[in-house]
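A short write-up of the structure that comes next.
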Amino acid sequence: MEIQIKYFTDKIERLRYIDGKSDWIDLRAAEDVQLAAGEFRLIPLGVAMQLPTGYEAHIVPRSSTFKQFGILQTNSMGVIDESYCGDTDQWFFPAYAVRDTVIHTNDRICQFRIMAHQPALTFREAARLTRPDRGGHGSTGRA
């Protein structure tokens with residue numbers, strides 16, 4: 001599958017897979033950002049993409065983002081559908097800082113993958129579900 005991409009800066013590395021490690025693709029801060037504890041900021045990621053019809057991008061923090069930068073993604077997971085595809089539709093990471101932090105241009109702060117839209121669903125009400133109970137919320141035990 002080929003995706004058209006526009007870069008808003010030459011200061012970030014071009015998107016690529018990290019060979020043999022994951023099918024998620026890292027996204028980078030497109031500018032230096034300084035945040036104080038309790039501050040919110042949309043961090044520009046320096047890219048816009050024209051996703052194919054029927055697909056969306058899921059954006060989540062990298063596993064090290066909180067540890068390294070002390071930021072949380074405020075919407076937990078970002079979803080960008082194929083309608084957000086114009087020439088100025090830059091992607092952003094909505095960040096909330098829990099401590100004072102500095103993020104530098106080209107720091108890897110989040111990752112994305114492209115997924116097909118969920119198929120159309122219908123719901124049929126049932127008085128009883130026939131599969132066995134798993135044991136309720138939290139039933140898989142502690143680590």
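Residues of region 3-24 being farther than 21 Å from ASP87 by Cβ and within 18 Å of the chain's Cα centre (by Cα), which ones? Can you show your working first?
Residues of region 3-24 that are farther than 21 Å from ASP87 by Cβ, as a first pass: 13, 16-24.
Those that are farther than 21 Å from ASP87 by Cβ and within 18 Å of the chain's Cα centre (by Cα): GLU13, ARG16, TYR17, ILE18, LYS21, SER22, ASP23, TRP24.
Scan region 89-125 for residues that are among the polar types (S, T, N, Q) and either over 17 Å from GLY78 (Cβ atoms) or under 16 Å from the mean Cα position of the chain (by Cα) (or both) and jot them down. Even if it seems obvious, please write down each step before you answer.
From region 89-125, those among the polar types (S, T, N, Q) are 90, 101, 105-106, 111, 118, 122; that's our starting set.
Answer for region 89-125, where residues must be among the polar types (S, T, N, Q) and either over 17 Å from GLY78 (Cβ atoms) or under 16 Å from the mean Cα position of the chain (by Cα) (or both): GLN90, THR101, THR105, ASN106, GLN111, THR122.
Anything in region 112-143 that is of a type in the set (Ser, Thr, Tyr), open to solvent by 100 Å² or more (accessible area, probe 1.4 Å) and modelled with pLDDT under 90? List them, or say none.
To start, the set of residues in region 112-143 that are of a type in the set (Ser, Thr, Tyr) comprises 122, 130, 139-140.
Right, trim to open to solvent by 100 Å² or more (accessible area, probe 1.4 Å) and you get 122, 130, 140.
The one that is of a type in the set (Ser, Thr, Tyr), open to solvent by 100 Å² or more (accessible area, probe 1.4 Å) and modelled with pLDDT under 90: THR140.
Restricting attention to region 64-95, which residues are of a type in the set (Val, Ile, Thr) and open to solvent by less than 70 Å² (accessible area, probe 1.4 Å)?
Taking region 64-95 as the starting set, the residues that turn out to be of a type in the set (Val, Ile, Thr) are 65, 71, 74, 79-80, 88.
Those that are of a type in the set (Val, Ile, Thr) and open to solvent by less than 70 Å² (accessible area, probe 1.4 Å): THR65, ILE71, ILE80.
Give just the number: which of (1) under 21 Å from ASP26 (Cβ atoms); (2) open to solvent by less than 80 Å² (accessible area, probe 1.4 Å); (3) in contact (Cβ under 8 Å) with a residue 40 or more places away in the chain does VAL98 not satisfy?
(1)
Out of all the residues in region 48-60, is one or more on the phi > 0 side of the Ramachandran plot and in contact with a Ser or Thr (Cβ under 6 Å, 6 or more places away or on another chain)? Talk me through it step by step, then tell me what you get.
Here is the first cut: in region 48-60, the ones on the phi > 0 side of the Ramachandran plot are 54.
Filter once more, so that each one left must be in contact with a Ser or Thr (Cβ under 6 Å, 6 or more places away or on another chain): none.
Within region 48-60, none of the residues are on the phi > 0 side of the Ramachandran plot and in contact with a Ser or Thr (Cβ under 6 Å, 6 or more places away or on another chain).
Restricting the search to region 9-49, which residues are among the hydrophobic types (A, V, I, L, M, F, W, C) and open to solvent by 80 Å² or more (accessible area, probe 1.4 Å)?
If we filter region 9-49 for residues that are among the hydrophobic types (A, V, I, L, M, F, W, C), which is where we start, we get 12, 15, 18, 24-25, 27, 29-30, 33, 35-37, 40, 42-43, 45, 47-49.
Listed by number, the residues that qualify are PHE40, LEU42.
Regarding ILE80, is this residue closer than 29 Å to ALA120 by Cα, touching a residue at least 12 places away in the same chain (Cβ under 8 Å) and either in a strand (DSSP E or B) or in contact with a Leu (Cβ under 9 Å, 6 or more places away or on another chain) (or both)?
Numbers: closer than 29 Å to ALA120 by Cα: yes; touching a residue at least 12 places away in the same chain (Cβ under 8 Å): yes; either in a strand (DSSP E or B) or in contact with a Leu (Cβ under 9 Å, 6 or more places away or on another chain) (or both): yes.
Criteria met by ILE80.
The values are calculated or read from the model by the stated rules, or taken from the named source; none is laboratory data. Computed from a predicted structure; not experimentally measured. So basically every Cβ, Gly included, is an ideal-geometry build from the backbone, and we count neighbours across all protein chains shown. Just the protein is used for accessible areas: all its heavy atoms, side chains included, with ligands, DNA and RNA removed. Shrake-Rupley method; radii C 1.70, N 1.55, O 1.52, S 1.80 Å.
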